[in-house]
1. If you take the residues in region A:310-324 that are open to solvent by 50 Å² or more (accessible area, probe 1.4 Å) and out of contact with any Phe, Trp or Tyr (no Cβ under 7 Å at 6 or more places or on another chain), which one is nearest to the other protein chains (Cβ to nearest Cβ)?
2. Cβ-Cβ below 8 Å, separation at least six or inter-chain, first residue in region A:268-289 and more than 11 Å from residue A:258 (Cβ to Cβ) and modelled with pLDDT of 95 or more, second within 16 Å of the ligand (Cβ to nearest atom) and open to solvent by 30 Å² or more (accessible area, probe 1.4 Å): which pairs?
3. Counting residues that are out of contact with any strand residue (DSSP E or B) (no Cβ under 7 Å at 6 or more places or on another chain) and open to solvent by less than 50 Å² (accessible area, probe 1.4 Å), which helices (runs of 4 or more DSSP H) fully inside region B:285-361 reach at least 1?
4. Just need a number here: residues in region A:15-47 that are away from the ligand (no atom under 16 Å from the Cβ), surrounded by fewer than 18 Cβ atoms within 10 Å (Cβ to Cβ) and not charged (D, E, K, R).
5. Counting only residues that are in a strand (DSSP E or B), buried (at least 24 other Cβ atoms within 10 Å of the Cβ) and not β-branched (Val, Ile, Thr), which one in region A:87-110 is farthest from the ligand (Cβ to nearest atom)?
6. Look at residue B:287 and say whether it is at pLDDT below 90, among the aromatic types (Phe, Trp, Tyr) and not assigned by TED's automatic domain parsing to the domain that holds residue B:508.
7. Would you be able to say whether some residue in region B:71-91 is closer than 26 Å to residue A:278 by Cβ, open to solvent by 20 Å² or more (accessible area, probe 1.4 Å), β-branched (Val, Ile, Thr) and more than 11 Å from chain A (Cβ to nearest Cβ)?
8. Among the residues that make up region B:19-33, is at least one of them part of a loop (DSSP other than H, G, I, E, B) and within 13 Å of chain A (Cβ to nearest Cβ)?
Amino acid sequence: MALHPQHWLKPMPGGLYCEPGGFFIDPSRPVDRAIVTHGHGDHARAGHGKVAATAETLAIMGVRYGEGFARETQSLSYGERLGMGDVTIMLEPAGHILGSAQVVLEHGGCRAVVSGDYKRRFDPTCPPFTPVKCDVFITEATFGLPVFHHPPDKGEIGKVLHARELFPDRSMLVGVYALGKCQRVIALLRRAGYDKPIYLHGALQALTQLYETQGVRLGPLASVAGMVPAQLKSEIVLCPPSAIGEVWSRRMGDPVPAVASGWMRIRARARQARAELPLIISDHCDWDELLQTVRDVDAPEVWVTHGREEALIHAIQQTGRRARALSLVGYEDEE
Amino acid sequence: MQLFADLLDALSYQPARNGKLRLIEDYLRHAPDPDRGYALAALCGELELPSLKPAALRDMTIARVDPELFGWSYDYVGDLAETIALIWPVTDRATHVPPRLSDVVERLRLAGRAEAMILMSDWLDGLDATGRWALLKLAAGALRVGVSARLAKTALSAFGTVGLEDIEEQWPQHEPPYTELIRWVAGGEKPAARNTLGFRPLMLSHPIEESDLANLTPHDFCAEWKWDGIRVQIAASDGQVRLYSRAGEDISGAFPDLIEHVDFEAVLDGELLVARRTDNAVEVASFNDLQQRLNRKKPNPALMLSNPAHMRLYDALIIGNDDLRPLPLRERRQHLEAWYAQRPRLRFDLSPLIQFANWSELVRLRADARASGIEGLMLKRWESPYIAGRVKGHWFKWKRDALTIDAVLMYAQRGHGKRSSFYSDFTFGCWRPIVDEHGNPGRELVPVGKAYSGFTDEELRRLDRWVRNNTVDRFGPVRVLSPALVAEFEFDSVHESTRHKSGLALRFPRFHRIRWDKPANEADEVETLKKLIS
Ligand SMILES: [Zn+2]
């Protein structure tokens, strides 16, 4: 008789715990054994005993926390099976950032998929999300409201290129999350035919370099340190979103502040971020993509973690599936 | 519609005037006729469309999406038009083409409410989220993208080959979609003149100080009081009247009590005041009383009775069919006086000339003038023709000395545009006595005004650094400052106000000097300010 995942996969204060396997997934506090879906700070923390993740995620953690961020690491390729206690696990691409993975768990004749953060859009910097049929699908709901429809990336990148023509005396200062968004925006600019050097804030350099050593081609890049406004006219400069409007940004002269994030869909959020050019580019699913994914994995039951759960649960229930909230603390909805 | 929607979207995020100009200019260059003319009209607030009820728009949306999901979404987004624009279900674009802006305007203008809703839902199907948002804004009648009519016309001028002044003069002779006007601006033939209701850009003055007088000859100039109202132009022709602000905004609607006394054909320059008539004398009220009128787009009868509008004339551009602008001021003044003497009008009078023999006499007159309604002196060269803009050497304003106080910086906020990384907007306060909970007398700071200017770039950098190092608390974007820095603020006058905690309101406050040296407890008291009330 099949053993329903609700008996062996439990939310605990430290994160989602798999009892028969003896491990946590993306724990928010140090644990003995952890599986980490991807390198974002709220999912990948330092100080665990043994960490299993993709080689790329382990490399990202190494850059962020220094070698020795865990006592022991184990790298897993996508599709490779690993037994942990009574549970078989496997990582599948999540399409969120470089190295991001869904965790497929099999136990007692049942299969659960913890998708971590994921998206369905094409991303030149990582392999696409692979839907895995399962009994229970565990999903985030960062953009879990029907107001979130991410427009095509091409048009958003086009806004930056158009602004360059409109304001040839100003630099384009694009606020991006250091891990994932930064490299994806660079890659999208390249696909749009932009081949000039792209300038980087110091906080973005280490992870961008890592992407390159992992084989993601990003074209000519340069540090913005030491540049003066006259040299940056109509150039594209990337920085963390928080640097826009801070003292540092004055070195750009009078830049066009842009912010690349799914939140830019909401005008109040864009104004709050002081974006003159809000770019709706997200590393998470929009509303339709969340629902499409639930159909693709065809799970009779869905657990919804961080984000706007209630609306998504309501919408999933309307399709005749079971859905419930799984309260996990410690995950941020930043991107 | 898509181009217009992208324009509105970009404008709504663009804080800088120059940036806005660039965006509108770019739009005018790429959008076809008649759409771009309607876009200009929309930006100038000149499109009259049937207003659609928010409740009806909401019902129309709920008919298409789950009401529960709509509720959560509206709670989250907070703005109805934006929520509808974002949640509107995407249909097959192949069967729904986006409408043109001109279609939207022309059909909506003729449609009744019920028909308008059907049109709207059809158009919403054809547009993307930005297009839907712009359509809903347009239909709501308020674009709120921070563009004034003047700014839109400035962009039109930059797009073409015609000066702003000429555009403003022509503008009222045309109607949306302004096709003929735009063709002219783009390099075509000038449309024939039809009437004189247009705004003529004003002749402006330069500031002057006592020390400058030595270079000027007294008898080359006429002197008038500088009235503490707002500069206006009244244009009347064919039974129609327009009252324009100094920037050329039509403010006729706010002053029907003045307009109703216009029975002439002329274009006149003067000061709009609140003034009360007492036995043959006209008594000018404080700027505060005028401010109450300026705050109301549609004044109620009681306010018009208590704060009657009045125009004090000082120049004539056109009387009847005669364009007086090329004539010297000496002759224009004669025409104005002769015209007024023919038939004085209630609510209008002439700004009297001040007789003086030499500069020292004028210096004395100015020093004595502390009466309400007087802001200083105007000196105008008798030979000056009426020339639009700030032409050197003709007109001078010699303001009454500004008032000053020492106040403590209390709150700071970041500026906009180029200043968005600097703390440049300050609230400052003065001391007033209080009794604490133990019954001991003490003092507290109360805000008395806000200032954004008057410092150099270097001082701004230093102020910004000071703010970052002396913040004691934050409320959203506002930093609460340690009460430790004093600055001397300049302002033109002070009035009683119920809107402020101190009971006072300052007019045009700005930084005069930052007193890095002065301890906060030596700043002025609110009481000191009260003595300066005009
Ligand atoms: Zn993430």
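The values are calculated or read from the model by the stated rules, or taken from the named source; none is laboratory data. Here the structure is a predicted model, which is why all the values come from computation and not from measurement. As a convention, Cβ positions derive from the backbone with ideal geometry for all residues, glycine included, and neighbour counts pool all protein chains shown. Remember, those area values only see protein heavy atoms, side chains included, never the ligands or the DNA or RNA. Shrake-Rupley method; radii C 1.70, N 1.55, O 1.52, S 1.80 Å.
1. Here is the first cut: in region A:310-324, the ones open to solvent by 50 Å² or more (accessible area, probe 1.4 Å) are A:310, A:317-320, A:322, A:324.
Going one step further and asking which of them are out of contact with any Phe, Trp or Tyr (no Cβ under 7 Å at 6 or more places or on another chain), we end up with A:317-320, A:322.
Numbers: A:317: 11, A:318: 7, A:319: 12, A:320: 15, A:322: 18 Å.
Step by step, filter region A:310-324, then rank; the result is A:318.
2. Final answer for the pair search is A:282/A:121; A:283/A:177; A:285/A:120; A:289/A:120; A:289/A:121.
3. Values: elements: B:287-294, B:301-306, B:329-342.
Counting at least 1 such residues, we get B:301-306, B:329-342.
4. Count: 5.
5. Filtering region A:87-110 down to residues in a strand (DSSP E or B) leaves A:87-93, A:101-107, A:110.
When the remaining residues are screened for being buried (at least 24 other Cβ atoms within 10 Å of the Cβ), the result is A:91, A:101-103, A:105.
Narrowing the set further to residues that are not β-branched (Val, Ile, Thr) leaves A:91, A:101-102, A:105.
Working: A:91: 15, A:101: 12, A:102: 13, A:105: 20 Å.
Looking at residues that are in a strand (DSSP E or B), buried (at least 24 other Cβ atoms within 10 Å of the Cβ) and not β-branched (Val, Ile, Thr), I get A:105.
6. yes
7. Residues of region B:71-91 closer than 26 Å to residue A:278 by Cβ: B:71-91.
Within this subset, residues satisfying the condition of being open to solvent by 20 Å² or more (accessible area, probe 1.4 Å) are B:71-72, B:74-76, B:78-81, B:89-91.
Checking which are β-branched (Val, Ile, Thr) leaves us with B:90-91.
Filter once more, keeping what is more than 11 Å from chain A (Cβ to nearest Cβ): B:91.
Yes: region B:71-91 contains one or more residues that are closer than 26 Å to residue A:278 by Cβ, open to solvent by 20 Å² or more (accessible area, probe 1.4 Å), β-branched (Val, Ile, Thr) and more than 11 Å from chain A (Cβ to nearest Cβ).
8. no
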